[in-house]
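Peer 1: Structure provided below as structure tokens; questions to follow.
The values are calculated or read from the model by the stated rules, or taken from the named source; none is laboratory data. A quick note: this is a predicted structure, and the numbers were derived from the prediction, not measured. No Cβ is skipped: glycine too gets one built from the backbone with ideal geometry, and neighbour counts run over all protein chains shown.
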Amino acid sequence: MTTAVSAPAPRVPWLAHMHPAYFAMVMATGIVSLGAFLSGWPRLAQTLVVGNCAFFVILVACLTLRCCCYPRQIIADLFNHGRCTGFFTIVAALGILGSQFLIIEQWARFAAAFWVAAIVLWIILTYTIFTILTVKKVKPTFPEGINGGWLLAVVASQAVAVLGAQLALPLGWTHGAVMFFCLSMWLGSGMFYVWIISLIFYRYMFFPLSPGDLSPPYWINMGAVAISALAGTMLIAAAPQSPLLTALLPFLKGATLLFWATATWWIPMLFILGIWRHLYSNFPLRYDPLYWGVVFPLGMYTVATIRISLVMPNAAFLMAIPRVFFYIALAAWLIIFLALVKVLLRALFKALSPSRRTPAAP
């Protein structure tokens, strides 16, 4: 008689199901830190740099363990239309953390190392993920497969452009080559945004949308175009040292304002949809790692608006916006962070609870 042997239970279940987009926590913390620095809160900015380094190390350790212990889950995520683009948060996290090192701490060499790592990882993920999604045989329906998380590919590309545009001059690199690369990343990512947002808008308008479908990554609709505006301001600021950028300066300013205006349009729409989701439709509001994808766009819009007001003197009046938006982004970060702490404490108390322990045999 053959006895069935059950499969062993996962050693760390939460690690097996860890979302690839968890590095959005580093993105959110980093951009709020940069917003604090530009808004005149240097101590808060430096504190968040320290915290963000800790978050990054912890998440890298978790991802490494997940790759070692649960390689099948990693592969499954890469083949999943809804989760695969979450890996791009790693690239964006490298770029945002590198910007923190450069702007707040003046650690140009560390920032350069993160920039190179971001470029290498961007190349690997871009052509791995989109090749898999192209050739896989079984694919979801259009409404099931598309979501705002796809725009993380744009965010990752623009994060590389933002950091590179800031690094070229202080490090004395071949300025023309670096600026050409950053300009190409900015333009290519802008076109990629147009492709993907067209699909997302089509999904919004012509397919039923339930409260459960409107997940937090839809805020990346705004965040992706806000970081595109920020990258544009970095190129404008670098134009005096680059003949290529100087020749394109009117175009750079026009396209940057186009990106910023698009991001501004999305903000009321996303707030209205959030009210419909949680207040009108009573969709439960509980901690989800994807909510870091709400904090990041708010912080990014703040920083992009500050930078526009600095590089375009005729737009200095826009500073009134980040004076308010910074506190909205900071409040959102605190709420999500406290929700995470609550979840961790609850899990810890549950693990240590006497009722969970196995009673000794009589």
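Peer 1: May I ask you to verify whether Val311 is touching a residue at least 60 places away in the same chain (Cβ under 8 Å) and over 15 Å from the mean Cα position of the chain (by Cα)?
Peer 2: Details: touching a residue at least 60 places away in the same chain (Cβ under 8 Å): yes; over 15 Å from the mean Cα position of the chain (by Cα): yes.
Yes; evaluated as a whole, the condition is true for this residue.
Peer 1: Scan segment 80-115 residue by residue and report those that are crowded, with 16+ Cβ neighbours inside 10 Å and without any contact (Cβ under 8 Å) to a residue 24 or more places away in the chain.
Peer 2: Asn80, Trp107
Peer 1: Mind checking which residues of segment 188-203 are free of Cβ contacts under 8 Å to residues at least 40 places away in the same chain and either surrounded by fewer than 17 Cβ atoms within 10 Å (Cβ to Cβ) or touching a Cys at 6+ places or on another chain (Cβ under 8 Å) (or both)? So that I can check it myself, show each step before the final result.
Peer 2: As a first pass, look at segment 188-203 and keep what is free of Cβ contacts under 8 Å to residues at least 40 places away in the same chain: 188, 191-192, 194-195, 198, 201-202.
Selection gives Gly188, Met191, Val194, Trp195, Ser198, Phe201, Tyr202.
Peer 1: Further question: Got at least one residue in segment 80-90 being at pLDDT below 95 and more than 22 Å from the chain's Cα centre (by Cα)?
Peer 2: No - not one qualifying residue is present in segment 80-90.
Peer 1: Can you pull out every residue in segment 131-174 that is under 21 Å from Arg109 (Cα atoms), more than 24 Å from the chain's Cα centre (by Cα) and among the polar types (S, T, N, Q)?
Peer 2: Quick first cut of segment 131-174, residues under 21 Å from Arg109 (Cα atoms) only: 156-174.
Okay, now just the ones that are also more than 24 Å from the chain's Cα centre (by Cα), so 169-174.
Of everything in segment 131-174, just one residue is under 21 Å from Arg109 (Cα atoms), more than 24 Å from the chain's Cα centre (by Cα) and among the polar types (S, T, N, Q), namely Thr174.
Peer 1: Okay, next question. Are any residues in segment 294-319 touching a helix residue (DSSP H, G or I) at 6+ places or on another chain (Cβ under 9 Å), surrounded by fewer than 22 Cβ atoms within 10 Å (Cβ to Cβ) and either at positive phi or part of a helix (DSSP H, G or I) (or both), and if so, which ones?
Peer 2: We begin by selecting, within segment 294-319, every residue touching a helix residue (DSSP H, G or I) at 6+ places or on another chain (Cβ under 9 Å); these are 294-312, 315-319.
Narrowing the set further to residues that are surrounded by fewer than 22 Cβ atoms within 10 Å (Cβ to Cβ) leaves 309-312, 315-319.
Selection gives Ser309, Leu310, Val311, Ala315, Ala316, Phe317, Leu318, Met319.
Peer 1: Further question on the same structure: In segment 242-300, which residues are closer than 30 Å to Gln166 by Cα and among the small types (Gly, Ala, Ser)?
Peer 2: Hits for segment 242-300 are Ser242, Ala247, Gly254, Ala255, Ala261, Ala263, Gly293, Gly299.
Peer 1: Also, I was wondering about something else. Looking at Ala168 and the list (1) buried (at least 17 other Cβ atoms within 10 Å of the Cβ); (2) modelled with pLDDT under 90; (3) within 30 Å of Gly148 (Cα to Cα); (4) of a type outside the set (S, T, N, Q), which single condition is not satisfied?
Peer 2: For Ala168, the exception is condition (3).
Peer 1: For segment 198-293, which fully contained helices (runs of 4 or more DSSP H) count at least 2 residues that are under 24 Å from the mean Cα position of the chain (by Cα), at pLDDT 90 or above and among the acidic types (Asp, Glu)? Can you show your working first?
Peer 2: On the way: elements: 220-238, 243-247, 249-275.
Once the helices (runs of 4 or more DSSP H) in segment 198-293 are filtered for at least 2 residues that are under 24 Å from the mean Cα position of the chain (by Cα), at pLDDT 90 or above and among the acidic types (Asp, Glu), nothing remains.
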